[in-house]
Structures are given as C-alpha cells and as structure tokens.
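These notes concern the structure reproduced below.
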Amino acid sequence: MSKANQEGITAKKDSNFDEWYTQMILKAELADYSPVSGCMVLRPSSYAIWENIQRYTDAEFKRVGIMNTYFPLFIPERLLKKEAEHVKGFAPEVAWVTQAGNSDLEERLAIRPTSETLIYEVVSKWIRSWRDLPMRLNQWNNVVRWEFKHPTPFLRTREFLWNEGHTLYATRKEADAERDEIMGIYRKITEEFLALPGYYGRKTRTETFAGAEATYSVEHLLPDGKAIQGPDWHSDGQNFAKAFDIGFIDQNGERQYAWQNTWAISTREIGTMLAVHGDDKGAVIPPRLAGTQVVVVPIVNDESKAAILAEVRKLMAELKEFRAVLDDRDHLTPGKKFNEWELKGVPLRVEFGPRDMKEKHAVLVRRDTGAKRVVGVADLSKEVSVELGAIQANLFQKAKDALAKNTHEAITLAELKKTLEEKRGIVRVPWCGKPECEAKMKEATGGKILNIPIDQEPPKAKCPACGLGAEFVVNFGKSY
C-alpha cells in the first residue's frame, strides 16, 4: 500500500460504515482517543464546529429571553436521590467521587450526569412569588455518563458537551407553550446550520427521560440504517418541583408548585453531521459551521512563486468576510494539499496559478460535488459567497432526499421485521399505544419506537402487535 493511500481513508462508507467513520474522524483530525476509556479529545477543527453550534444556538436562546448561568460539576448523593424515577434512570451511568487526597468524603459526589437535582435545590431558594416566574436558565457544560456500550467518537462517549436548559413557569399552559419555541430553535440549528433533516415527535412512556412526564425529540438517520436521537425537550411537570419544594405564592395568595422543562443539544450532533455528509474522501463540513470555510492553494514554480504569492495575499484580503486559510506551505505539492483539505472537509478550495494570474481569474472547487468553476478575481468574494450558499443547500437537500428514500411503511409485524432487516432505515408503523405492544414489537424486530409524530389523526389501521385499532403511526427503527 502506498503512503498516500495510508494517509487517506481505506474503508468504504457504503460497505464498511463503522470502519469508515472511525478512519474519517481520526484521519481528518477531528477527534482523537484519550487515555481514559470512552472519552475523546476534540481537536481544533471539531471544537470550532462546536463553538459555531454554540454561538448560533446561544444567540437564539438569548433572543427569546433565556439567560446563561453555571452550576458546579459535582452533585451530592442525597440530592440525586430526591427524585426517585430520575435517580433510577441514571444510577447505572453515574461516576462517583469518593475521596479527596488521602481522605474519604463524608458523602459521595456524583460527577454531573445532568444537573436537574443540583439546580433545583438552589433555585428553590430564589423563587417566592409568581413575580419571580418564568425563570429561564441555560448552561453550556460537560456531563459524564459512564456507559458500557461500545464507545464511538461523538456518537457515544462517556463525557460530552451540551447545552442544558432549565425553565420554570407558574402554569402548565406556559410551560407547555415552550415546547414549540425550543424545538423550533433546534430545528433551525439542525436544518439550517448542520444541514440535517429529522423526524420530530414525542417519545413513548418507556423512552421518556428519567423523571420527566414527556420527552420530545428529533430523530436522525445515519448511513448504516440506524437512527440516532438529536436535540430533545422534556416536560418535567411538577415532579422535581414537589421533590425540591419549588413553591411560590400565586396572584390569589395561594401556594403553588412550579412547572418545569429541560432541553439539550450535544456534541453528538457533530458526529451525526459528519456521518451523514462525509464520503470516501473524508469529512464534508457544512459551510455555516466549518472552522475553515475556504482554503486558498497557490500553484507555483520557481519563476512565478514570488508574484503568485503576492497576488494570493491580495485575494486573501478580498476573502476577509469568510473564514479563509492560505496554504502556502512550500514542502507539499498542490495535489498533496488538495487531498489533505478534501480529507478535512473544507467546503471550498480556491486554486490560483500562473495562468490564473495572467488571465485574472481563479478556480473554485466544491468539496461536496467536486465541481470546478472559473471566476474573475474581481468577483471572487461574491462568487465564493454564492458557492458556499449552494454547498449548504445541497448538503441539506441530499440528506433530506436520503431520509425520504430510507423511510418505509409496514402494517404487520412480519412486514416490519422484514423491512428493518432488508431495507433498514425508519419504518412508519401503526401502534395502539399500549406498552405491552411496544415491547412485543421491540422483541420481535430488534428495533424500537423512535418517536410519535405530533398533531396526527388516528390512522385507519390496526396495531401489528395486538390487531386492535391503532392510535398512532410511529417512527420505528434500530438505533444507537
């Protein structure tokens, strides 16, 4: 095998997705393994993507009046135990601190798997009157969930980054109204920035977040035919308010409990984005999130080098509104540079050589399609903007078409099982709403109900598990 092939990706996305994904993440210098099993290192290019997700999402939060805060990483065990369903759901994944120096701690401290219990213990002291509500808080932080399944960079790691929204309202009506607002923000980020389509809906009771009354999610589809959950929003009702005595005096002078919601988007979205858009050459990063949107590669010889580099630096000044990089390394050939930047997923390449200098034009090369286009240097900034917009739109449309192509229908249990085995993807199937039928479908197929599309009419179909009339059509599939 040649050195060039060793540096590139050797696995094919269509035939060996797991190996392709791992090679793409590592060789594109997006992440690396750490000395701690199940934990990864975000390299600068992927952290730049996360910073952009955070920046754009945070701006939307602030636009609707959500304020950022920060709470400690450690949670006393007594707090974690205050809400029974919550602690039951997280107990297998909690990492504990039991010792400081050579001394045992009097009480175990959980390393934050999520912050409900700690935050609500504190904010219960801040709320006294209906005038203190609504309280809409968010924090950007890390969490640790000591999962024992096979770790996969971004998609399943023991430590990850996310936003953690916690809101409190005086009435259920106000609390419930937040769902569409927050999920609308997440839809904007996933579709317009990550270029990821998905199916929005409510989780079943079995799949609901521990301690919540209801969970709503967006479900994406990966190229291996498995679904993966994206951002979510949880209606916590008054469960935590009663456990932590978050009460207030209403406008009638009566004491009431607050109504609460929680919601999050995590670094898992980066892995989903890379898996969906990447190809056999490497990563493909949507322009709106790419740390480097444009790379300029001068093509020089000994005679033209000085003049071309001088012109290229002028071009860089024209590209100041973009996140542009000049690759003027003189120890690599242009071809070597092209391969490297394609592997790293930079959306657009600008090539500029002796002929281009003479004719006052440059060559634009798209990462998503490989298409080349010659443009005048006088119009470079405008044409680069056009191409970046076209790349962003194309990535979303391509992913949307793939999701539609891999969404199927089934009405019997046998058909559901066969479709999952042969076609994979997401299957729309009727369901009566009973947990025992949900369990039967899961056992028979190895898949599960991903979510239930909201605002749907009861279908004129029968549940494949029991034969009775269906209440819903659900999104069903195998998942991470």
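Any read-out appearing in this document is the output of simple, stated calculations on the displayed coordinates, not a laboratory observation. Keep in mind it's a predicted model, so treat the numbers as computed, not measured. All Cβ positions, even for glycine, are placed from backbone atoms using ideal geometry, and neighbour counts span all protein chains on display.
Backbone phi angles across the range 259-273, fed through the Karplus curve with coefficients 6.51, -1.76 and 1.60 (θ = phi - 60°), yield HN-Hα couplings of 10, 10, 9, 9, 6, 7, 10, 10, 5, 4, 4, 5, x, 4, 4 Hz in residue order; Gly and Pro are listed as x.
For Gly353, the residues whose amide H sits under 5 Å from its own are Ile299, ignoring neighbours fewer than 5 places away on the same chain, with H placed 1.01 Å from N.
Of all beta bridges DSSP finds with both residues in the range 407-477, what is the antiparallel percent, to the nearest 5? The partial results should precede the final answer.
Working: 9 of 12 bridges.
Roughly 75 percent of the DSSP beta bridges within the range 407-477 come out antiparallel.
Nearest-5 percent of antiparallel DSSP beta bridges in the chain? Write down the numbers at each step before the final one.
Numbers: 67 of 82 bridges.
In the chain, approximately 80 percent of DSSP beta bridges are antiparallel ones.
Here mean projected area of the Cα convex hull in nm² was calculated from the structure, and among (1) 23.9; (2) 26.4; (3) 28.1 it sits at label (3). Take the Cα of Gln397, step 7 Å toward its Cβ, do the same at Ala414, and the gap between the two points is 4.2 nm. Approximating the spin labels as points 7 Å out from Cα along Cα→Cβ, the Leu26-to-Arg255 distance works out to 5.9 nm. Applied to the range 449-456, the Karplus parametrisation 6.51 cos²θ - 1.76 cosθ + 1.60 on θ = phi - 60° returns per-residue 3J(HN,Hα) values of 6, 7, 6, 10, x, 7, 6, 10 Hz, with x for Gly and Pro. What is the antiparallel percent of DSSP beta bridges lying wholly in the range 294-387, to the nearest 5? Around 55 percent of the beta bridges assigned by DSSP in the range 294-387 are antiparallel ones.
Normalised by 2.2 N^0.38 Å, where N counts its residues, the alpha-carbon radius of gyration of the range 294-387 equals 0.98.
Annotation: amide H-H contacts under 5 Å for Val94 (H modelled 1.01 Å from N, sequence separation of 5 or more, or interchain): Trp146.
Counting only residues at least eight positions apart within a chain, or on another chain, the lysines with an alpha carbon under 26 Å from that of Lys360 are Lys305, Lys314, Lys320, Lys336, Lys337, Lys372, Lys382. Using the Cβ-Cβ distance between Asp18 and Arg128 with R0 set to 41 Å, the FRET efficiency from 1/(1 + (r/R0)^6) comes to roughly 0.15. Annotation note: chymotrypsin sites (Phe, Trp or Tyr not before Pro) in the range 39-107 located in DSSP loop regions with a Cβ neighbour count of at most 14 within 10 Å are Tyr70. At the listed q of 0.23 Å⁻¹, the Debye profile of the range 1-84, built from one uniform point per Cα, gives log10 I(q)/I(0) equal to -1.11. If every alpha-carbon in the range 407-477 counts as one equal scatterer, what log10 I(q)/I(0) does Debye give at q = 0.13, 0.14, 0.21, 0.28 1/Å? The calculated log intensity ratios at q = 0.13, 0.14, 0.21, 0.28 Å⁻¹ are -0.29, -0.33, -0.78, -1.41. Applying the Karplus relation 6.51 cos²θ - 1.76 cosθ + 1.60 with θ = phi - 60° to the range 163-179 yields 3J(HN,Hα) values of 9, 10, x, 9, 10, 10, 10, 7, 9, 5, 4, 5, 5, 5, 5, 6, 3 Hz, where x marks Gly and Pro. Here the range 152-184 and the range 192-215 have alpha carbon centers that stand 10 Å from each other.
Sequence gap at least 6, Cα distance under 8 Å: using those rules, report the relative contact order of the chain to the nearest whole percent. All intermediate terms of the calculation are to be shown ahead of the outcome.
On the way: 945 pairs, mean separation 66.5, N = 480.
Here the relative contact order equals 14 percent.
Greater than 23 Å separation of Cα atoms is the criterion. Which listed pairs, Lys405/Lys478; Lys281/Lys417; Lys188/Lys398; Lys203/Lys478; Lys81/Lys242, meet it? Check vs 23 Å cut-off fails for Lys281/Lys417. For Gly282, the amide hydrogen comes within under 5 Å of no other amide hydrogen, counting only partners 5 or more places away or on other chains and with H modelled in the peptide plane.
A simple spin-label model places pseudo-atoms 7 Å from Cα toward Cβ; at Val36 and Arg63 they are separated by 3.5 nm.
Simple point charges give the picture: +1 on the Cβ of Lys and Arg, -1 on the Cβ of Asp and Glu, and for the range 407-477 a dipole about the Cα centre of about 180 debye.
Computing FRET efficiency as 1/(1 + (r/R0)^6) for Glu303 and Glu51, where r is the C-beta to C-beta distance and R0 is 51 Å, gives about 0.75.
Per DSSP H run of n ≥ 4, the term is -39500 (n - 2.57); total these for the chain, divide by its residue number, and report the mean residue ellipticity at 222 nm rounded to 500 deg cm²/dmol.
On the way: 15 runs with 169 residues, N = 480.
Per the formula, -10500 deg cm²/dmol.
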